[in-house]
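Reviewing the structure listed below.
Computed from the coordinates by the stated procedures, all read-outs in this text should not be read as laboratory data. A quick note: this is a predicted structure, and the numbers were derived from the prediction, not measured. Please note: Cβ atoms are built from the backbone with ideal geometry, for glycine as well, and neighbour counts cover all protein chains shown.
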Amino acid sequence: MEEERYRQEELLKKFEDTSFNHTLSLISGKYKLTILYALSLFKIIRYNEMKRYLGIVSHKTLSSTLKELERDDLIVRKEYPQIPPKVEYFLSEKGESLIPILNAMCAWGREHRK
């Protein structure tokens, strides 16, 4: 009953005002889901490790994507005051809450892969 009421309310909104669109705005982007997936696997990753994991990605693209994920509170950036600088990234609590969705996407991919 509650779910049906929610669906009806969502149908009355413009797409841009829906929860679905909000979620897409947080995770859409070429590397965002891959970064979140990597952090779910490795827990803590330094910048260069992430760059190697992703393969061919420019410094500018990776840097801006990480900043967007941090701005949206999906990841945490921890900087250590040392020389050379050490920066680590890990999932925030909000980012962790996306992991079941990523796992479901992986399961769907396994099931429908040819």
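The figures follow:
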item: Förster radius 41 Å - calculated FRET efficiency between Glu2 and Leu54, Cβ distance, rounded to 0.05; result: 0.55
item: Positive-end residue of Leu66, Asn48, Ala107, charge dipole of the chain with Cβ unit charges; result: Asn48
item: Net length gained if the chain between Leu41 and Lys78 were fully extended (0.36 nm per residue, minus Cα distance); result: 11.5 nm
item: Computed Rg/Rh of the chain, alpha carbon atoms with Kirkwood Rh; result: 1.06
